[in-house]
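Visitor: I have a structure I would like to understand better, so I am pasting it below and will then ask my questions one at a time.
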Amino acid sequence: MYALIYDEHQLDRPNKKVISIHKKRETAEAALKDRMKKLGRSVTDCNTRIVWVEKKIRSGDTVGPGEYETWRPGEAVPLGEMLADSD
């Protein structure tokens, strides 16, 4: 299942809080857009991202390294996500 997690990108805090869970990436993306709008911040400023989690989880749970992936196995990754941002 897809989850929105709170991720400050701090190595000393490897466990991430689950904000919400979703069966489809599309609904997770909609929830992320709603969160951005509610907070009045961009995606990088709201410290939230979408991940794929194999185990059963609920909002408020935490997930740690190795328990989530950026993309679901077999999911088509957009070309823009596969290229480096630098020149």
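Visitor: Testing His9 on (1) loosely packed, with under 10 Cβ neighbours inside 10 Å; (2) within 14 Å of the chain's Cα centre (by Cα); (3) not in a loop (DSSP other than H, G, I, E, B), one condition comes back false. Which one is that?
Guide: Condition (3) is where His9 drops out.
Visitor: So if I check each of Lys56, Lys16, which one is within 12 Å of the chain's Cα centre (by Cα) and of a type in the set (Lys, Arg)?
Guide: On the way: Lys56 fails: within 12 Å of the chain's Cα centre (by Cα).
Result of the check over Lys56, Lys16: Lys16.
Visitor: Looking at (1) in a helix (DSSP H, G or I); (2) without any contact (Cβ under 8 Å) to a residue 12 or more places away in the chain, which is the only condition Thr27 fails?
Guide: All conditions are met except number (2).
Visitor: So which residues in the stretch 31-59 are over 15 Å from Met1 (Cα atoms) and of a type in the set (Gly, Ala, Ser), if there are any at all?
Guide: Gly40, Ser42 - these are the residues of the stretch 31-59 that are over 15 Å from Met1 (Cα atoms) and of a type in the set (Gly, Ala, Ser).
Visitor: Which ones in the stretch 17-48 are of a type in the set (Gly, Ala, Ser) and surrounded by 12 or more Cβ atoms within 10 Å (Cβ to Cβ)? Don't jump to the end; show me each part of the working.
Guide: Let us first name the residues in the stretch 17-48 that are of a type in the set (Gly, Ala, Ser), namely 20, 28, 30-31, 40, 42.
Those that are of a type in the set (Gly, Ala, Ser) and surrounded by 12 or more Cβ atoms within 10 Å (Cβ to Cβ): Ser20, Ala28, Ala30, Ala31.
FYI, it's all coordinate maths here, none of it is from the lab. Small disclaimer: the values here were computed from a predicted structure and weren't measured. Glycine gets a Cβ as well: all are built from the backbone with ideal geometry, and neighbour counts include every protein chain shown.
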